[in-house]
Each structure stands twice: as structure tokens, then as C-alpha cells.
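First comes the structure, then the notes that go with it.
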Amino acid sequence: MRRFRVQGYVSVVLSLLLVLAGCSGGSGSTPSASDQSGGQTASPGSSGGGGSGGGTGGEKVTVSMHSWRVEDTEGYKKIIAAFEKENPNIKIEFKPFKATEYNTILNTALQSESGPDILQLRPYAPGVSLAEAGHLEPLDNLPGIQNFPKDVLAAATAKDGKVYGVPLSLNSTQIYYNKKLFEQHGLKEPSSWDELISTAKTLKEKGIVPFAFGAKEGWLLSLSHGVIAPGTYNGNGFVEKIVKGEADFKSPEFLKSIQRMKELVPYFPDNFVGLDLNDTRTMFFTEKAAMFINGSFELEGIQKMNPDLALDFFPMPTEDGKKVLTTWVDGSYAVNSKAKHKQEALKFLEFMATQQFGELFANEFKRISAIPGVKTSDPLVNKMAELSASSSTPYLMVVYFAEGKPTTKQTLENDLQGMYLEKMTPEQVVEDVQNSAASWFPGFKK
């Protein structure tokens, strides 16, 4: 297997004082456009964020930029202002969409050749498929792109070997918890699955919702499973086997991970099947629930919503007595191959590959920048970075199983929803996920 080497990269970044960074939203269908030409990389300016930049004959040009991160709007205003200050003839118009609607809106626009100049790519297969459909400009000659490690660029590298996106961040996903509630009831971070269940039972007996959890949005279920599952299969050893085709999803370890997802049901809120991210996030930051399974990309929002929250997190305890943090390279930004203002769009992406952008991004959003050498002072960000370096495992469904029609990731999400609605058993979920992967995954076709 081409091992997920972000651990080594993060170690390097840590030595320079890392910073934290995703997604998260669900993955959707990708287009199969008739135009298969990738195009040639235009030669962007070499000034990074500086220089006069922008516009033909001094005219001001407005570059459209789309994203699925509505919650990042205010932060991007500050970042974009720094670019526009040094490039007064270029105006960046940041327009985000609801995460669950973004894929459909973007695909429709690209197919009708009315897409934005700059677009945010989902990581790995969903984003790469846009390049393979001819919608993206190759970025191999973009100044600064060579500074990213190859394993980080892999999240936006197509089968033709070309890079089509500037990576934003490294994400982790873990269990956040309310330290005040834990301390009030004599609880500590669990070091095993049994301790986690015991902690949840104690909280429930005290009238506190143990987990802020909802099953309305499928992507939250695969993300939560991405936290729970490595505890049953002890992280990377199983990942290596399954990617090589030496194990499959019908293995006892994977089945146990689905069973554990069901075992948690008594500790979820009432009517959890109808709750979405906003519901569960609110439940956690208003201190009505003690724990919250989610990504590093939620950290900044939670802290803003309740600056007084005694917030911490813990990685997943494994069967062999260790702990593991699930990690992956988050989305990147790409240039539309049919962009109206391609040169100006490339200039902004050149800025996104600089230390200046990395530091603005990391400090504004409290996430690990994908750019080496970026610094932050947030202790939780540093804790996530340290664990990412020492105890990480890849988010299996995003990094390796986000292909198929529907994708194997989507199949898992749909089936977990079915399980929570009492329409499927864990055994049926496992069977369905394996059948999905076997229909396309090379490791299962030997």
C-alpha cells in the first residue's frame, strides 16, 4: 500500500510549531463531462501575494471563488483583504454554499460552462474526478506548489500524475468533551472502549446527554465511524491489509466497528435520527451534552459560540491499549479550466501556496495549514498536531473508498442511517459495504 504518510509530514511541520486544520460535508456525485481536455497550465505571476497584479490594462477584475464552507465567510474576508491590498486590480468574490448542496451546484455549473473561476475541491477521488472530466487547470507549474509534500498533493493529484489543487489543511477527527462536566462527575478521558461506555452510562444516570449526535446527515455518520472504527482494528495494520486486498470489510474487526456504532445508541439524544450538525453542535456548546464526535474544523466555531466552554478532546482508545487519531488531507482550491479570469485566478492560488496565506489561514480558522512551517499558539491545535504526528491513521472511507456509484463511503452512510432506523443489522451493513467496494476497488479484484 502507498501508506498514508501525513504523519511524517506533520512531524516536520511540528518542529516548526504546527497549526490545525476540513469538511467536511458529504460527498456527492461527480460529473462526466464531454470535454476531456485538461488544458495547459497558464504561466501565473511570480510575486505570490505581492506585486501590483491583476487586470488587463489596469482594469479591475472580479474573480469568483466558490466553497462549501459557509461558516468561513468572515475569515476569508480578512484573508482576501490581505491579497487585494497587494493586488488592487483583482477583486476576489468569495461565495460559499451549504455543504450538502455544494457538489450538485458546482457540477451543474461546470457542465454548463458557467462555473466559478476558483473552486474548492473535495479531497481525493471526488475532487480528482473533476480534473479527469476536463474541468480543472493543471497546477504543476504554479510557483510554490513544489513546497508541498507529495503525499499531501496526492489528495488533488489525478491519474495523469498532474496536480490540480492547492491543498488547504490537514484534518483530524476525534471526540470533543466538556472538561467541567467530566470533573463534576469524577470522570476522566477513557483509555478503553469499556471505559468510554462506562463514562457514557454515568453521564446518562446524572441526566446529561452523553453524546451530541445526529443521524440526519450521512457524512456525519461516516465521519463518526472514522473515529470509532480504528479502535476495533488498531489503526494502520488493518488499513494496510485492506488496501492490499489481504482483508476485506467482512472481517471481524470491521463488523465490530459497526456493532459499536449501534452500541452507542442508548447514549445519543432523543430523536437523534432527525438531528443535523447544527442541532448537535448547539447541544454541545450550550453544555446540554458532554461529548461531541467531530472534526478539527469544528474547533474554531465551537470556541466562538461559547468562549467559556471548558473544551478538550481525546483520541480513540484501541484494543491493544493505545490511542489513535483519524487524519486526512482536507480539500484544496482549483482553477476552472474555462475560467473567465484564469490568470488572475492562478495568481490568487499562487498566494494560497505562500507562508503568508498559511499563517493567515491557520490563525484565523485554528486549523493545521498544509503549508510547511506555519505556526500557531492554540494549545488544542498543537495537541491535535502532536497526536497527528505520533498516533494517526487515515480516514479510510475518504482516503481510499470514495469511489463507486454510489461511492463506498456513501453506501456506508446510507446503511448506517438504515441501521439507526432499525431497517438493517450490522451484518447487513457490512455485506453491503463489501459488495460496493468489490465492484470497483482494485485490491478486491485479485
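Tabulated values for the structure
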item	result
5 angstrom amide H check on residue 90, placed H, neighbours 5+ away	61
Assigned charges on the beta-carbon of Lys, Arg, Asp, Glu; the range 369-446 dipole about Cα centre (debye)	340
Cβ-defined net charge surrounding residue 199, 14 Å radius [Lys, Arg +1; Asp, Glu -1]	-2
Of 235, 249, 311, farthest towards positive along the dipole that unit charges on Lys, Arg, Asp, Glu beta carbons give the range 205-326	249
Karplus (6.51, -1.76, 1.60) ³J(HN,Hα), θ = phi - 60°, over the range 131-136, in Hz, Gly and Pro reported as x	5, 5, 8, x, 8, 10
Under 20 Å from residue 180, Cα to Cα: lysines that are on another chain or at least 8 residues apart	188, 201, 204, 206, 288, 304, 383
About the Cα centre, charge dipole magnitude for the range 136-270 (Lys/Arg +1, Asp/Glu -1 at Cβ), debye	280
Neighbourhood charge, 13 Å Cβ-Cβ cut-off, centred on residue 122 and excluding it, Lys, Arg +1 and Asp, Glu -1	0
Per DSSP, loop GluC sites (Glu not before Pro) in the range 109-210 with at most 15 further Cβ within 10 Å	113
Under-5 Å amide H pairs with residue 64, H placed in peptide plane, nonlocal only	93, 117, 118
Other-chain or far-sequence residues with amide H under 5 Å of residue 234's (modelled H)	319
Label corresponding to semi-axes √(5λ) of the Cα gyration tensor in Å when calculated from the structure given, among (i) 36, 25, 20; (ii) 41, 28, 19; (iii) 33, 23, 21	(i)
Nearest-20 debye value, the chain charge dipole, Cβ charges on Lys, Arg, Asp, Glu	380
Hits among lysines - C-alpha to C-alpha of residue 244 under 29 Å, sequence gap 8 or more where chains match	150, 159, 162, 256, 262, 322, 323, 405, 409, 445, 446
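FYI, it's all coordinate maths here, none of it is from the lab. Bear in mind the structure is a predicted one, so any value in this text is a computation, not a measurement. For neighbour counting, all protein chains shown are included, and Cβ atoms are generated from backbone atoms with ideal geometry for every residue, glycine included.
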